[in-house]
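> Before I ask anything, let me first share the structure, which is written out below as structure tokens.
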Amino acid sequence: MRDLPRNVWALGVVSLLTDFASEMCVPLFPLLLAALGSGATWLGAMEGAADAVSALVKLAGGRLSDRLPRRKPLVLAGYALAALVRPFYAWAAAPWQVLALRASDRVGKGLRTAPRDALLADAVPPERRAEAYGLHRAFDHAGAVLGPLVAAAVLAWRPDLDVVRWVFLISLVPGVLSVVAVALGVREEPRLQPAAHHAVQPAPPGRGAVLLLALTAWFAVFRLPEVLFLARLSSLGAGGAWLPLAWSAMHVVKSATGRPMGAWADRAGPERALPLGYALYGVTVLWAFSVHDARWLLAAMLVFALHHGLTEGVEKALLSRLWPPESRGTGFGVYHGLVALLALPAGAGQGWLLEHVGAQALGSVLAAGAAVAFLGAKAASARLRGAAP
């Protein structure tokens, strides 16, 4: 494989450090919330609410990045906000405080996500964008391997709530390093004519972009908040250090397969890879919530992780082709904002299904939604092929 541009690697390192910090915390949320008297319903609602809060920020951040001469300041501000918020989980004394902090963390994510994805698209030719997004997600997931390992090591040493709180404090270190990496590693030339300064309004998105957004919105409703895997593992008897270890193992698979799957999607055509990703998701989520043994659930989680290489980066690569390039930040803002906004009812509903109806019911609903997404992506493949601006 030919090398990718500097900004792809720099933003990959930034994501690695950020997810190192973030994923030290995420596997501990079930333990923290349980100690504060809450269960899976609150966990699903928390993740959904946090993503919903970030949705509006993503919309604004993407549009603003098109109007400014540089996208980098928004990216830097987003990573800095998240890095500074996370340590405050250590002092949370009630479930609503955990939710408020998680929402504040997601504001930072919302601010940076669309401009960062637009920076990546600006740096790479269309025929290599799925590979670039795959590599970026591979770094992201590598951080999600390292963070839980640190959490697991600490819990193996002393599994109590005081130590859990210390892990939240330690997350400040990789978080600050991620901000330094943005400041020193990402380079951006100012755009001579940002979209807001054009005399002519940017072209509206075409039918292919609208179809893609409709597909991703549908799939977002049935996209599992993966922390529910941890809740299910805990209910099957896995606890303590096993939760962050399982979380880490799932991200090993995501990291190892992100770039090669993205490169394959570029060769085969992203519009052909996307239905395969939806199908793989449906099959594995049905398997995961049909088993009653923690070891089989872990095996299902590892196979489940493969679908990310055929969905996340592929959706972004398709959007970068189908959305007008002069308003690409806005396009990514709409994409991320729409998906995040749907996460609130989806996360709360899925948590409720798992806690009150059962794991098999949840798996069946998610698989049915993925089947519809698969059929829709197959039917729309000609429109999704689009041009490559």
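Readers should treat all values here as calculations from the given coordinates under stated rules, not as data from a laboratory. Just so it is clear, the structure is predicted and the values come from calculations on it, not from any experiment. Virtual Cβ from ideal backbone geometry, glycine too; neighbours counted across all protein chains shown.
> Picking from 52, 33, 147, whose Cα lies most toward the positive end of the charge dipole for the chain (charges on Cβ: Lys, Arg +1; Asp, Glu -1)?
52
> As I understand it, the dipole of segment 6-385 uses +1 on the Cβ of Lys and Arg and -1 on the Cβ of Asp and Glu, about the Cα centre. Which of 227, 337, 167 lies farthest toward its positive end?
337
> Then there is this: Taking the Cα atoms of segment 1-105, report the difference between the largest and smallest coordinate on each principal axis, in whole Å and largest first.
49, 32, 23
> Same structure, new question: Normalising by the residue count of segment 1-137, find the relative contact order in percent from Cα pairs under 8 Å and 6+ residues apart.
About 37 percent, as a whole number.
> Relative contact order for the chain: what is it in percent, counting Cα pairs under 8 Å that are at least 6 residues apart?
About 31 percent, as a whole number.
> Right, another one. Let's see if you can work this out: charge +1 on each Lys and Arg Cβ, -1 on each Asp and Glu Cβ, no other charges. What is the dipole magnitude of the chain about its Cα centre, in debye to the nearest 20?
So the magnitude is around 860 debye.
> Going 7 Å from the Cα of residue 9 toward and past its Cβ, which residues in segment 239-269 have a backbone nitrogen under 18 Å from where you end up?
From segment 239-269, the list is 259-260.
> In the chain, which helices (entire DSSP H runs) extend 27 Å or more along their own long axis, judged by Cα positions, while averaging at least 0.0 on the Kyte-Doolittle scale?
Those that clear 27 Å and a mean of 0.0 are 6-25, 40-67, 129-157, 242-268, 328-352, 359-379.
> Which of 317, 256, 274 sits closest to the plus end of the dipole of segment 254-333, meaning its Cα is farthest towards the positive end, when Lys and Arg get +1 and Asp and Glu get -1 on the C-beta?
Result: 256, furthest along the dipole toward the positive end.
> For the chain, take every pair of Cα atoms, bin their distances at 20 Å starting from 0, and report each bin as a whole percent.
Answer for the chain: a P(r) of 29, 61, 10, 0 percent.
> With loop defined by DSSP as not H, G, I, E or B, and exposure as at most 13 other Cβ atoms within 10 Å, which is the longest segment of the chain clear of exposed trypsin sites (Lys or Arg not before Pro)?
Longest gap between qualifying sites, sites excluded: 188-389.
> Now, a different point. Could you pull out which residues in segment 271-286 have an amide N less than 20 Å from a spot 7 Å beyond the Cα of residue 368, following the Cα-Cβ vector?
Counting backbone N atoms under 20 Å from the label point, the list is 278-286.
> I want to check the label-to-label distance for residue 375 and residue 292. Put each point 7 Å from Cα in the C-beta direction and report it in nm to one decimal.
So the two model labels end up 3.2 nm from each other.
> May I pose another question? Please compute the Kirkwood hydrodynamic radius of segment 267-381 from all pairs of different C-alpha atoms, in Å with one decimal.
Taking every pair of different Cα atoms in segment 267-381, averaging 1/r and inverting gives 15.5 Å.
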